[in-house]
Amino acid sequence: MGSEEEDVGKHRIHLRPVTLLNVAPVTLHLLPCEVRVNRPAPVGRFFTPAIRQGPDGLEVSFRGRSLRGEEVEVPPGLVGYVMVTEEKGEVSIGKQDFSEGSDNDERKQELVEPPEALERDFDRFIGASASFSRFTLWGLETIPGPDAKVRAALTWPSLAAAIHAQVPED
């Protein structure tokens with residue numbers, strides 16, 4: 001077994017549904033690289049102003065490399081969310097508001113997770129920190145083609161609906 005396989009643990013992921021309500025929209029860029037930093041970055045200050053419209057789409061330079069991109073819309077009826085993992089012991093994301101008289105009491109009741117036995121090192125919690133309806137898809141030197149994995153993922157909802165649709169009887 002390789003060292004990478006040994007580091008992979010199994011976890012149960014729990015969504016904090018209340019975090020999906022009223023999240024602020026953000027501008028997203030899907031880059032063709034891995035950025036090994038997990039903290040806010042001044043994207044709006046440095047990266048976004050450098051984007052220009054070229055003859056074949058959007059163009060920008062990132063760390064000396066030429067990127068080409070285009071805007072991609074999330075499929076109709078769907079919303080994209082930026083999800084964050086709570087750190088161990090953190091409870092601030094998605095705390096339930098159980099105060100009476102709230103306008104969304106009925107909706108919040110639907111979003112309450114069923115109580116389960118939680119295991120400290122096995123269970124993880126995620127919540128939405130932002131939402132998006134479109135993002136910029138970037139490719140190295142060329143615009144990502146129709147075979148890009150993200151495009152396949154975005155076509156899945158309509159394909160799944162067609163597969164599971166009722167077939168009329170003749």
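Here the gap between Ala148 and Ala165, fully extended at 0.36 nm per residue and compared with their Cα-Cα distance, gives a gain of 3.5 nm. Backbone amide hydrogens, once placed in the peptide plane, bring Ser131 within less than 5 Å of Ala24, Val26, Val82, excluding anything fewer than 5 places away on its chain.
Can you give the Kirkwood hydrodynamic radius for the range 116-170, in Å, rounded to one decimal and based on Cα pairs? Intermediate results must be reported in sequence, preceding the final value.
Working: mean 1/r = 0.0624 Å⁻¹.
When all Cα pairs of the range 116-170 are included, the Kirkwood radius is 16.0 Å.
Computed 3J(HN,Hα) for the range 24-41, one whole-Hz value per residue from the Karplus formula 6.51 cos²θ - 1.76 cosθ + 1.60 where θ = phi - 60°, is 6, x, 9, 9, 10, 10, 9, 8, x, 7, 10, 9, 8, 10, 10, 7, x, 10, glycine and proline marked x. With a Förster radius of 41 Å applied to the C-beta separation of Phe122 and Ile51, the computed FRET efficiency comes to 0.45. Were the residues from Arg63 through Cys33 laid out at 0.36 nm apart, the gain over their Cα-Cα distance would be 9.7 nm.
In order along the range 45-57, phi translates into HN-Hα couplings of 7, 10, 6, 4, x, 7, 5, 10, 7, x, x, 10, x Hz, rounded to whole numbers, per the Karplus curve 6.51 cos²θ - 1.76 cosθ + 1.60 with θ = phi - 60° and x for Gly and Pro.
Just so you know, all these numbers are worked out from the coordinates, no wet-lab data involved. All values reported here derive from a predicted model rather than from experimental measurement. In this analysis, Cβ positions are derived from the backbone assuming ideal geometry, glycine residues included, and neighbour counts consider all displayed protein chains.
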